[in-house]
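The values are calculated or read from the model by the stated rules, or taken from the named source; none is laboratory data. Remember, it's a predicted structure, so these values are computed and weren't measured experimentally. Positions of Cβ are backbone-derived with ideal geometry, glycine not excepted, and every protein chain shown enters the neighbour counts. Surface areas here come from the heavy atoms of the whole protein model, side chains and all, with no ligands, DNA or RNA. Shrake-Rupley method; radii C 1.70, N 1.55, O 1.52, S 1.80 Å.
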Amino acid sequence: MIVSLLFNVFLSFLAVKFETCQQKEEVSFESSDPKFSVGPDGSLYAEQDVTNLTEPIQFMVTARDSVGKSIWETTVKLTLAGHPPSPQIKQARTNYVVYDLYSSQLITFPRQHQRGSSNGLRRQKRDWVIPPINVPENSRGPFPQVLVRIRSDQDKEIEIRYSITGAGADQPPNDIYIIDPVTGKMSVTKPLDREERASYHLRAHAVDINGNQMEPPIDLYIYVIDMNDNRPEFKNQVYNGSVAEMSKPGTSVMQVTAFDADDSITANGLVHYRILSQTPHIPIPNMFTINGATGEISTIASGIDREKVSQYAIIVQATDMEGSLSFGLSNTATALISIADINDNPPELDSKTVSTLQLTQRAHTMKLKAMIVNKLYFIHCASQTPIDYERNNAFTLMVVVSNQAHLASGIPSSPSSSAAVAITVLDINEAPVFPSNPKIIRFEEGVPADTTLATFAALDPDRFIQQTIRYSKLSDPANWLKINRTNGRITTTAVLDRESPYMKKNVYEATFLAVDNGSPPATGTGTLQIYLIDVNDNVPVLVPQEALVCERSRHGYPVNITASDLDSEPNAGPYVFELPSFPSSARRNWTISRLNGNYAQLKLRIPYLEAGMYRVPILVSDSGNPPLSNTSVLKVKVCPCDENGDCTVIGAVTVAGLGTGAIITILICIIILLSMVLFFVVWVKRREKERQTKPLLIDPEDDVRDNILKYDEEGGGEEDQDYDLSQLQQPESLDHIMSKPAGVRRVDERPVILESQYPVRPTIPHPGDIGEFIIDGLRAADNDPTAPPYDSLLVFDYEGSGSTAGSVSSLDSSSSGEQDYDYLNDWGPRFKKLADLYGGGGED
């Protein structure tokens, strides 16, 4: 909407009409421009004088329901009364219809016709300019949000498809704007940020369903309306400034600057400055003021005294919306103002009598300045004339105490104070001094060892004392020099080489010490700089050392070669590159062409050269007098190349020195090696399997080695619980047996004889020797009289009467009679194996 704006402030000049689906719903209005406000009835008011407006104003009006669930926005454009708005519709050469959904304005671009003399009606193209589309930033949606509708006047005759192109549509940033290809409604898909992009330029297209252009493209300009969504940001959080004490009010101190990313031509980006606080409040809380528009800080009151306050800290606030605290966003920074001292205090002297002073000759003064510290006088030296004991050992001075600078204006001057000062200079041991420091000498490089270069002697400033000076070496990076301790003569210990890494710009630097024998000894330092003149003593070296060339001269590129020489000009380039006469293949296959003084090109002379590695000798000569030459070998890899001059993969392998036969041989060796490894693994697995599957000498079902359990005392029978068990236990000693007479012995006692030797089982068992081990053990047990039972006939104690069990002596292992062992199944799981062996389980 475009409205003519009246000049009257606080005068309603426009009523914003708003209709919702619920007629009784209350709606509140808000303007984005603080210069204007909207009343509850929709009336638009000017809050400030707008008579100085020269251009139309555009801002947003936002409507919200009472519960805050729904928000509506529209754009308002205002112009001054009597100043019609600039025409927004000019002639265009398209026949689109654009409908602006924000301003509810339908812009129609009709097709114009005129009569011709012979053809009747004919089309006349007219130029139109589509008005820009304004979209507020940070819109809350919902998205996609329809902006405009584009329609061709031919859509009634044929089916039209619409599309848009440009940055924001099909170009980065993509998919911000979309268009319905059928209805022509163009929408925005997300909130916009004016600070990222302020405008978009799109082009709308209309084609039929076959893709044929039905209308010329139309330009669409979309402008993002700025909202106040950025705070002012100071360039620095802390600003430092200074002002002299006793400055007059209005003296400029410093300037602070804040930047607002919002539009600077609107109130959103106009920053206003103010001072929030001052620390300390001496002598008053408001010693400074700030220009609200520029941020310049200046003094507003007098009485700034550095002796009372040396620094002020000021908190400065920057607010946009031209400083409106109700609508604007703010930020703060700190300004530190240092108070500069001026000469506003006259000197004070407690006494005019000055006693005799003593100065060392380190002092450099003939013009003295007196300072009073705790009523003691100190002399500060401030002249370039040295005090030398050897020249003058006593002074008489008149000391005048006064300010070196004039007192500030407005302060009464005080008379100066003066006194006579007798100064005695004390002698000290001064360090030896090298007359030339640094001392520079020049030699050609290659100076041999034991060559005298120079005498680097020092002088002793103490003329009234006879002292001896001794010399030593402090720094000699390459260890090329030595110095005579007594006379300072410097000689070489090695050949001086200009190309050494210890040389800096052709200069070699060494440092020496001169020490006297004073008390305490004093040391002087001298620097010797040796400038070495270059001679041609280094041959040039070819660069690069390797190159790649195509086997056919029409492919690829020549090789650029140059040389490197440690010598400097004129003993280095320009270089001469030649192919030697031997071997003859060098000149037969290759050729060198000169590019300039330092570069040449190597290329094939013949059309084709077989792929492989070639060592091409090249003779390189420098420009020294006399010149030095060097034959360098360039390793050239010749390989097949593609059309682009690049070496192929097969060619690279060939160049590496491996032909097809060598590659096949390597592959065969690898296959044989893998086959041997596989065969060895299979053989090991098979041996392991044979060991695991080889049958034992006894049936695994009858193997009871792991099923023999050892029990402790089993107890007596059913009715013989009162017999003495000690007779059945092994005696702890054999003394009672040894003391028995011969022939009297119990048959169940262990005989006192040497024990038999049983066979030892091998460390690594094998299933095949188990049977032999068992037979040997059985044979040894049968022949061992000490092994229990000691006799087949044992003595048993009285077991009692009435026992249901028979005598154990009735058991006969050699009996061949059939017995029933099924009762072993009732003895529990511990006798299950025995029941399976002697019962019915063995047959299973």
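Observations on the structure shown:
- Accessible area expressed per residue, the range 133-225, with surrounding protein chains retained (probe 1.4 Å, Å²): 49
- Solvent-accessible area per residue for the range 230-297 (1.4 angstrom probe, square angstrom): 54
- Under Karplus coefficients 6.51, -1.76 and 1.60, residue-wise ³J(HN,Hα) of the range 584-598 in Hz, glycine/proline x: 5, 5, 5, 6, 6, 9, 10, 8, 10, 10, 7, 8, 7, x, 10
- Nonlocal amide H pairs with Ala572, under 5 Å, H built at 1.01 Å: Ser623
- Solvent-accessible surface (1.4 angstrom probe) belonging to Glu233, in square angstrom, nearest 10: 100
- Share of carbon and sulfur in the accessible heavy-atom surface of the range 501-540 [1.4 Å probe, %]: 53
- Ser675-Ser302 pseudo-label distance in nm [points 7 Å out on the Cα-to-Cβ vector]: 11.5
- Taking a Cβ cut-off of under 15 Å around Ile337, the surrounding Lys, Arg, Asp and Glu residues balance to a net charge of -2, with basic ones at +1 and acidic ones at -1.
- With a simple spin-label model that places each label point 7 Å from the Cα along the Cα-to-Cβ direction, the separation between Ser593 and Ser277 comes to 8.2 nm.
- Formal net charge of residues neighbouring Leu678 (Cβ-Cβ distance under 15 Å; K, R +1; D, E -1): +2
- When nucleic acids and ligands are ignored and a 1.4 Å probe is applied, Ile342 ends up with an accessible area of around 50 Å².
- All Cα pairs of the range 541-639, percent lying beyond 16 Å: 54
- Probe 1.4 Å, accessible area per residue of the range 541-639, Å²: 54
- Note on surface exposure: Cys641, Cys669 rank Cys669, Cys641 by accessible area, highest first, 1.4 Å probe.
- Lys, Arg +1 and Asp, Glu -1 on Cβ, resulting dipole of the range 520-597 about Cα centre, debye, nearest 20: 540
- Stretchable slack from Glu569 to Asn212, in nm (0.36 nm times residue separation minus alpha-carbon distance): 121.3 nm
- Apolar share of the accessible surface for the range 541-639: 52 percent from carbon plus sulfur atoms, 1.4 Å probe.
- Direction-averaged projected area, Cα convex hull, the range 237-310: 5.4 nm², rounded to one decimal.
- Neighbour net charge for Trp590 - beta-carbon separation under 10 angstrom, K R +1, D E -1: +4
- Cross-link check: pairs Lys439/Lys482; Lys473/Lys505; Lys35/Lys77; Lys439/Lys473; Lys77/Lys185; Lys439/Lys505 evaluated at a Cα-Cα cut-off of 18 Å; pairs beyond the cut-off: Lys473/Lys505; Lys77/Lys185.
- When the residues His272, His406 are ordered by accessible surface, computed with a 1.4 Å probe over the protein chains alone, the sequence from largest down reads His406, His272.
- Per-residue SASA entry for Lys635, accessible area with 1.4 Å probe, Å² rounded to 10: 80
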